[in-house]
Amino acid sequence: MKGRSLKLKEAHKTDGVGSSCSILWDNEARRIITSSSSDPALSIHYVDQEQQPPKPPRILKHHRDGVTAIALSPNSTCLASGSVDHSVKLYGFPCGEFQSNVTRFTLPIRCLAFNRSGSLLAAAGDDEGIKLVATIDGSISRVLKGHRGSVTGLAFDPNNEYLASIDEIGTVIIWELSSGKPIHTLEAIAPDCGSDTSILNIVSWSPDGEMLAVPGLKHDVVMYDRDTAEKLFTLKGEHSKPICFSSWSPNGKYIATSGLDKQVLVWDVEQRQDIDRQKFEDRICSLAWKPNGNALAIIDIRGKFGLWEAVVPSSMKSPIDGIPNSQTRNTSGVLLFGEDDDKTTNISGSLDDNKEDSFGESLPMNRKRLRKQSVLDESMDEESDEKGELLPQVKLRKKITAKYGKSVGGEEVSSRFMKHGMMKMQGAFQPGSTPVQAGKRRFLCYNMLGSVTTIENDGYSHIEVDFHDTGRGPRVPSMTDYFDFTMASLNEVGSVFANPCKGEKNMSTLMYRPYSSWANNSEWSMRFEVEEVKVVALGVGWIAAVTSLNFLRIFTEGGLQRHIISLDGPVVTAAGFKDQLAIISHASDCLPSGDQILDVKVFNISNGTQPIKCRATLTPGSSLAWLGFSEEGQLSTYDSKGVLRVFSEQYGGSWLPLFSASREKSEEENYWVVGLSASKLFCITCKSPDTYPQVMPKPVLTLLNLSFPLASSDLGADELENEFMMCNLYLSQIRKKIEEMEAGGLDTSTLDDEAFNVEAALDRCILRLIASCCNGDKLVRATELARLLTLEKSIKGAVKLVTTLKLPNLAERISGMLEERLMVETMETTTRPNPASSDTIATNGVQALRSSPLPENKRISEPSIPHPPPELRTSNQVSAKLHSTVSSKQLKTEEKTKTGERKTMPIRNTCEKNVEERINQVGQLHRPTNPFAKASSAGEEKSSLLDSIKKMKKV
């Protein structure tokens, strides 16, 4: 061991506690980035500066807790950091400007890694799952599950085919990026880190991507083959304790390792022996080779870092001589358009970002590249022409597939290769149906009411209709199906069935079967020649079928052909609810990215209108998986990425995301949607890889809460904020129904009560949010929330709440809001024109009294004074109440005038006095600052609305 010592300087304070620290070079070797799990800040150090005094490091402090992992993109333009606070952040480099929070975990982050192009960031930690994040838009490309402990190390191989990961218990998994599946799992081949978070198992690929270095169980480094994961050789030297970090030299000839024995060893990989070593006072937890020199940057567990110069003796080959070319060809041997440099970025965030051709199709992954490369190259030479045209390349890919019995991504090349911009459009499907399974019963329809199942037996199919609640529907006998129906729909009164074109005449059949009828032979069927039924739907009094000719055919329950409408494009699916029929069809060809462009139309069958016409909103890269209506009649969709959207009249008609499966399910679960209510999603949970349920055993419905995909709030009150938004949405839906019923002259008393209950629940939620804002010192937000309170009692509660929290300024503002409302109501009352006569006054008083929304138990016939409901009514409603009070007082004054009791009372004073009385009735609120308030005399006679009207009648 050499007697020299390295001088380290402090980069991060650790308070004497061992921490997990990290160190990185930029690609120009001008800056060093350091971090520590005891420090929420990153440091960018300038190492090639000549100015005096030296430039101080740039400090990036955006985390709330210690930084446990850092990673720099290969082109040194993007810096990523992960923290104990569960977040992953991106920064511009070298400026250090904060860009975004790309993802969050539920537990601390332990490791990060960029792929070769920097378009994909892998992040993992104590959650045991690995998230692959597309850096261009922050979307989650995939989540990899397989580890049973905290993931402590990640590494993309330089050829961008694999991702290697290691956990705290020593298990290594090699993932294939094209499929996201593990191809090799090596259990317990590395040391168990235990509970010490400052010790992390790591993995590292050699610069040429041929070997994976893993800490061994015998204080050594073990090299594994990239394709077979077979053990190649070990590097065993002077380490007396397990190895905790390793770093390859730029040319891959050397590797440096640090161990728990506080030593750093430098190895000649070809000779398999150590050529130098250094002893330190504390354990070195991270190393980084200088990208253009013979030096190592090191950092210990105390946050001290330094440079080890001249690591490799001058008599040996330099660590930067013969650096492998980073522009490696893909291993299929086929040169793609735009693959000649690293500047091609995959904007879709695909996992296989460097192996994607201009048509969006991934190339075959050849795991035995070393043995088959020469064979593929020979095939290329034979088939390719000098111009490199597309057709010879396609033929070559087909020939390679036929020769080796493999296909691109596990599918036939010819079936997946499509022209640019002509991706396959989604085919038609029936909501609630499952695919054909030989010898098994399957669902033709499954909804909130019941199910229709079929199974083939003796050449025919047997159909059964079952209701979830036998009390809602009759018992329906099974039916022998001679038409081989493939789709169905059911409601409370009947079922409709259809099949595709079949038979010699190539005919499609539609059949409707009611459960009961006063007439015999009420079942009917229709035949379509050279026209195929694609989707069927049912409603109240109508049956609909959409055909391959883009015809919407509407029939009555008795079989009368009522309407035939041409649609704008091929149908995708349809659903019915009472008078409404929703149809989704293609608006045009798919985008080059493969995204579907779908139109949504909702027809009101009873009045022949089209209340909704818009575009369907899908998650990028997804397809439509379900269409239906909620129990309240709200149009809803669910896509293949697990996002549920509900159509709302807000903002002129928009889709609201109310559920995301990625926030609920595990990687091993899929949700098959059945229906939804105002607050719950009804679905069947299927174990991956199944995406639909089996008929037997009988599926069990799972109820999941609807929730908006809210951003992580600085209040930490995500559940309250979601409840607030859900209540607002539900209240808007109720008010919409009330407007529709009032327009039709229907009684809305039930909906009025429901709206009041929702308003009360919304106020309770707002009060809790105000409390959270006060505790989080977000007083402006608390003021905004107070303005949204509906009930007067709630506003008083808000004043009491903020007063208890000792926030007098906020309490004064909220009190001012209540005063402002009352002042506006008073102003509207005093500006009303005076009636011309007692008859006019009486008429206006009665009309105002009738317009006042008094409860049933507070009618005029009762002798008690009517008490208004506890909520703050709209200005018009309050004005009507106040006007009735004013009118009755004026009547009383005129009556006294006729009997000889002449009394002069200005109408303005009468209004002010009665406004004061009315306000005292509504909550006994003292308002000394109200300029319209006037103290009433102690001996003044009080009278109710009832007394005023009785006296008016006597006159």
Query raised in the report: So, of the residues in the range 641-673 that are of a type in the set (Gly, Ala, Ser) and open to solvent by less than 70 Å² (accessible area, probe 1.4 Å), which turns out to be farthest from residue 693 (Cα to Cα)?
Result: 653
Query raised in the report: Which number in (1) at pLDDT below 90; (2) touching an Asp or Glu at 6+ places or on another chain (Cβ under 7 Å); (3) not charged (D, E, K, R) marks the one condition that residue 105 misses?
Result: (1)
Query raised in the report: Looking at the range 691-704, which of the residues that are under 25 Å from the mean Cα position of the chain (by Cα) and surrounded by 12 or more Cβ atoms within 10 Å (Cβ to Cβ) is nearest to residue 659 (Cα to Cα)?
Result: 704
Report task. Restrict the check to the range 251-263 and report whether at least one residue is over 20 Å from residue 35 (Cα atoms) and open to solvent by 40 Å² or more (accessible area, probe 1.4 Å). Result -> no
Report task. Answer with yes or no whether residue 625 is open to solvent by 30 Å² or more (accessible area, probe 1.4 Å) and touching a Ser or Thr at 6+ places or on another chain (Cβ under 6 Å). Result -> yes
**Report entry** Condition met for residue 685 (among the polar types (S, T, N, Q), in a strand (DSSP E or B) and under 30 Å from residue 181 (Cβ atoms))
**Finding:** yes
**Report entry** Selection from the range 534-588 of residues that are in a strand (DSSP E or B), within 20 Å of residue 501 (Cα to Cα) and touching a Pro at 6+ places or on another chain (Cβ under 7 Å)
**Finding:** 573
Query raised in the report: Which of (1) assigned to a loop (DSSP other than H, G, I, E, B); (2) open to solvent by 40 Å² or more (accessible area, probe 1.4 Å); (3) within 22 Å of residue 311 (Cβ to Cβ) does residue 217 not meet, given it meets every other one?
Result: (3)
Requested in this report: Would you point out which residue out of 422, 418, 511 is of a type outside the set (Gly, Ala, Ser) and modelled with pLDDT of 85 or more?
Outcome: 511
Report summary line: Exception for residue 314 within (1) modelled with pLDDT under 90; (2) in contact with a Gly (Cβ under 6 Å, 6 or more places away or on another chain) falls at (2)
Report task. Read through the list (1) in contact with a Ser or Thr (Cβ under 8 Å, 6 or more places away or on another chain); (2) open to solvent by less than 10 Å² (accessible area, probe 1.4 Å), then give the number of the only condition that residue 226 fails. Result -> (1)
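Only one residue in 76, 81 is in contact with a Phe, Trp or Tyr (Cβ under 9 Å, 6 or more places away or on another chain), modelled with pLDDT of 90 or more and not in a strand (DSSP E or B), so which one is that? Lay out the reasoning, then the answer.
Values: 81 fails: not in a strand (DSSP E or B).
Step by step, each of 76, 81 is checked, and only 76 is in contact with a Phe, Trp or Tyr (Cβ under 9 Å, 6 or more places away or on another chain), modelled with pLDDT of 90 or more and not in a strand (DSSP E or B).
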Requested in this report: Scan the range 168-214 residue by residue and report those that are without any contact (Cβ under 8 Å) to a residue 60 or more places away in the chain, surrounded by fewer than 17 Cβ atoms within 10 Å (Cβ to Cβ) and among the hydroxyl-bearing types (Ser, Thr, Tyr).
Outcome: 185, 195
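One line per residue, one yes/no per condition, for (1) of a type in the set (Lys, Arg); (2) over 19 Å from residue 119 (Cα atoms):
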{"site": "147", "(1), (2)": "no, yes"}
{"site": "155", "(1), (2)": "no, no"}
{"site": "178", "(1), (2)": "no, no"}
{"site": "181", "(1), (2)": "yes, yes"}
{"site": "201", "(1), (2)": "no, yes"}
Query raised in the report: If residue 595 satisfies every condition in (1) farther than 16 Å from residue 428 by Cβ; (2) loosely packed, with under 15 Cβ neighbours inside 10 Å; (3) of a type in the set (Asp, Glu) but one, which is the exception?
Result: (2)
Query raised in the report: If you scan the range 136-158, which residues turn out to be hydroxyl-bearing (Ser, Thr, Tyr) and under 20 Å from residue 187 (Cβ atoms)?
Result: 150, 152
Query raised in the report: Could you say whether any residue in the range 530-539 is open to solvent by 30 Å² or more (accessible area, probe 1.4 Å), more than 43 Å from the chain's Cα centre (by Cα) and of a type outside the set (Val, Ile, Thr)?
Result: no
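The values are calculated or read from the model by the stated rules, or taken from the named source; none is laboratory data. Since the model is a prediction, treat every value here as computed from it, not as a measurement. Counting neighbours? That spans all protein chains shown, and the Cβs are built from the backbone with ideal geometry, glycine included. Ligands, DNA and RNA are excluded from the accessible area calculation, which covers all protein heavy atoms including side chains. Shrake-Rupley method; radii C 1.70, N 1.55, O 1.52, S 1.80 Å.
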